[in-house]
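The values are calculated or read from the model by the stated rules, or taken from the named source; none is laboratory data. Everything quoted here is computed from the prediction, not taken from an experiment. With ideal geometry, Cβ positions are generated from the backbone for all residues, glycine too; neighbour counts draw on all protein chains shown.
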Amino acid sequence: MASLSQTFDTARTEIVAAMEQRIEKGDRTKLTKKELEELITILVTKLMEMNALGTDTKAALDRLCAAEQELLERAYPRSSINSVYFPRYTKAIKAAIEAGRITLNGKNSYPRRWTKRNPLPGEPSSGSEARHYALDGFTYPIEMQALLRAATTQNANARQDDRQPVDLDAYMGKINVLLASNDPIDLIIAIAAVTGRRHTEVVSLGHLHPHGGEMAKLIPQGHPYLLRFTGQQKAAKAAYDLLTLVPAQNVLLAVETLRVMADIHDLDGVASDDPRMEALNARVNRRVVKVLGEVLPTPKGFTNISIHRCRAVYVPIALHFFCPPNIA
């Protein structure tokens, strides 16, 4: 009977073979979500096995991580690996350490210094913690990260310099059709488009209320396009006001319709990195291409539009609709 290690090696070989076939055929998908999860599980299991056997030296860990990094770099650009794939590996490794499945020792870890810029009263401003070498194996060097950030900024600037016109009437016509739909994916796209909020906030964490706050100083209370938003995904920011591209009452009705749908109701409070939310993301982006591909141009450097494109055009449309004509 094959050992667990041999079984994992066989599974990894099969995943790599499937990936190479897709690369050769020029497929857009190099690794499926399930395959990536299996690769991460195999890697973490090997770390646990090495830890149990006492073979998790820095040299051995470096070789293991280098092989996995080389695999990823055959499939994806380093910018994507740095921002998307490496964090998934490090998250899984940290979870195994926190759960006690990997024990830190003098061979597999080192004391890493840290500093805190603005410590709370009574908190230390510096210290050290044990860091597993595999976490460094799935982190590009600082110099590489700086180059990747610079390239990302350069690409973003190039897109800003190459702005593409959007047929406003055609776009808003499509959005209004989606807003009246009974399909949850259509509603998610429409609500995100008319509020400028992340679609994951629309589905799970965000809340829209018909009462303005600080913006009411500039815009009268009861303004038909004014809503109060709470539940920002990437920062614990207090509630703030936003303007909607269609009457706010229409947005609230669409949100109410969406939130009671069975598929969406089950996602209430679910984090953006939850597998269920990631599966929904894929459905949303496929639908965006289908329903808005004719009215939203593809940004420079991309092969398709995504839901993020709706957020990108929200700001100029909102400025067009609401900015006073005497303000440039």
Specify the residue that is farthest from Glu24 (Cα to Cα); the eligible residues are those in the stretch 36-83 that are under 29 Å from the mean Cα position of the chain (by Cα) and hydroxyl-bearing (Ser, Thr, Tyr). Thr45
Take Lys107 and decide whether it is surrounded by 10 or more Cβ atoms within 10 Å (Cβ to Cβ) and within 25 Å of Leu61 (Cα to Cα). yes
Look through the stretch 131-146, keep the residues that are modelled with pLDDT of 95 or more and not charged (D, E, K, R), and return whichever of them is surrounded by the fewest Cβ atoms within 10 Å (Cβ to Cβ). Leu135
Per the list (1) surrounded by fewer than 13 Cβ atoms within 10 Å (Cβ to Cβ); (2) touching a helix residue (DSSP H, G or I) at 6+ places or on another chain (Cβ under 9 Å), residue check on Ile81 breaks on (1)
List the residue pairs whose Cβ atoms are under 9 Å apart, where the first residue sits in the stretch 297-318 and is aromatic (Phe, Trp, Tyr), the second is in a helix (DSSP H, G or I), and the two are 6 or more positions apart or on different chains. Phe302/Arg159; Phe302/Arg309; Tyr314/Ala192; Tyr314/Ala193; Tyr314/Val194; Tyr314/Thr195
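Considering only residues that are in contact with a Phe, Trp or Tyr (Cβ under 6 Å, 6 or more places away or on another chain) and either of a type in the set (A, V, I, L, M) or within 15 Å of Lys33 (Cβ to Cβ) (or both), which ones fall in the stretch 80-94?
Taking the stretch 80-94 and keeping what is in contact with a Phe, Trp or Tyr (Cβ under 6 Å, 6 or more places away or on another chain), we get 82, 86, 89-90.
Across the stretch 80-94, the qualifying residue is only Tyr89.
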Please work out which one of (1) loosely packed, with under 13 Cβ neighbours inside 10 Å; (2) under 25 Å from Ser128 (Cα atoms) is the condition Lys58 fails and give its number. (1)
Quick check, is Gly122 part of a loop (DSSP other than H, G, I, E, B), over 23 Å from the mean Cα position of the chain (by Cα), at pLDDT 90 or above and exposed (fewer than 12 other Cβ atoms within 10 Å of the Cβ)? no
Restricting to the stretch 1-17, give me the number of residues that are modelled with pLDDT of 90 or more and exposed (fewer than 15 other Cβ atoms within 10 Å of the Cβ). 3
Quick one: Arg149 ticks every box in (1) at pLDDT 90 or above; (2) of a type in the set (Lys, Arg); (3) surrounded by fewer than 16 Cβ atoms within 10 Å (Cβ to Cβ) except a single one, so which number is it? (1)
Every pair of residues 6+ apart whose Cβ atoms lie under 6 Å, when the first sits in the stretch 58-73 and is in the same structural domain as Thr41 (by TED's automatic domain parsing) while the second is surrounded by 14 or more Cβ atoms within 10 Å (Cβ to Cβ) and part of a helix (DSSP H, G or I): Lys58/Tyr133; Leu61/Tyr133; Leu61/Ala134; Cys65/Ala134; Cys65/Gly137; Glu68/Leu43; Leu72/Ile81; Leu72/Tyr85
Which numbered condition trips up Val194, out of (1) over 17 Å from Ala312 (Cα atoms); (2) at pLDDT 85 or above? (1)
Tell me which residues, restricted to the stretch 293-304, are in contact with a helix residue (DSSP H, G or I) (Cβ under 7 Å, 6 or more places away or on another chain) and at pLDDT 90 or above. Val295, Leu296
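Output the residues belonging to the stretch 125-137 that are part of a strand (DSSP E or B) and hydroxyl-bearing (Ser, Thr, Tyr).
Residues of the stretch 125-137 that are part of a strand (DSSP E or B), as a first pass: 126-132.
Hits for the stretch 125-137 are Ser126, Ser128.
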